[in-house]
Structures are given as C-alpha cells and as structure tokens.
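Beneath this line is the structure, given in structure tokens, with notes to follow.
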Amino acid sequence: MPENFVRDISFKSLLEPSGAEFRVKSNACIKKLRDPMRSALRGIAEVLEGFGVEAVITSGTEDFKHTAKRSAHYRGDATDWRSKTLDVADKPKALAALKKLLGPDFVVILENKGKPQEHFHIHWSPVYHGSTTERGA
Ligand SMILES: [Zn+2]
C-alpha cells in the first residue's frame, strides 16, 4: 500500500475479498451500482494496478449535471476511473486491457483524452445475443 494511501483522508478505501484494492473519491458514490458493474470493479482495479497505478473511482452513481453519458451512471451501470496517473504510452494499453477483460457487454472509453478531466468511463451495455437457444453454450 503506497504511503499516501493512508494519509489521504479525503478518500475512503475499499478492500475486496481478492485483495484487489481501489479507492472511491470522497465526492463519488458507488452504493447504487447494479450487479454487472459492481462485479467488474475488482477486475478493473487489478488491470489498473497492473500498470503500476492506484485504482481510483472518480465517479459512480452520485448526482452530477446531466450529460448524455451520465445516464448510465444514473442507472447504476457506470463508473469513471482516474487515468491521469498512467504513463501516456500506457493509456491505450490499459484501455485495450480493460476492453479485453470486460468483453462486449461493457463500453470502455478514455474520455476527455489529454485534458485535465480525462478518465476511463466504463459502463455496462449488454449486446443483443439473439435468443438464448441461438446463443449457444
Ligand atoms: Zn462516466
């Protein structure tokens, strides 16, 4: 655990059973996340930790000024993650790794790329697989 982890009292920490750790920014809320997004948090944190940065959720289900992409946040299907701590060269790699981990049912975007408010926006948006019989095993 990095030293500043405990010093930074504006954040609360969460420890998931696997040991993958992530923080939730003090003005963000993940209480109302629905299961698909919630179950992905630990894996997302593991990917980001793999790039040597702390995994920090900067936005979840808290209220914000409405934008089109916020709707997934309101539903409890989206989280935003800090990207500014990653090396520039690692950002596309992390984006690809997150997409690979989460599969087609999640949308992963590096939003506001290159700007101060840059972040990974991730939301659950299940693709239509056809009927369950066509979907196969
Ligand atoms: Zn977002």
Taking strands (runs of 3 or more DSSP E) that fall entirely within the stretch 51-125, which contain at least 3 residues that are more than 10 Å from the ligand (Cβ to nearest atom) and either β-branched (Val, Ile, Thr) or buried (at least 17 other Cβ atoms within 10 Å of the Cβ) (or both)? 106-111
Sole miss for Leu33 among (1) at pLDDT below 90; (2) surrounded by 13 or more Cβ atoms within 10 Å (Cβ to Cβ) is condition (1)
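The values are calculated or read from the model by the stated rules, or taken from the named source; none is laboratory data. Everything numeric here is computed off the predicted structure, so don't read it as measured data. Positions of Cβ are backbone-derived with ideal geometry, glycine not excepted, and every protein chain shown enters the neighbour counts.
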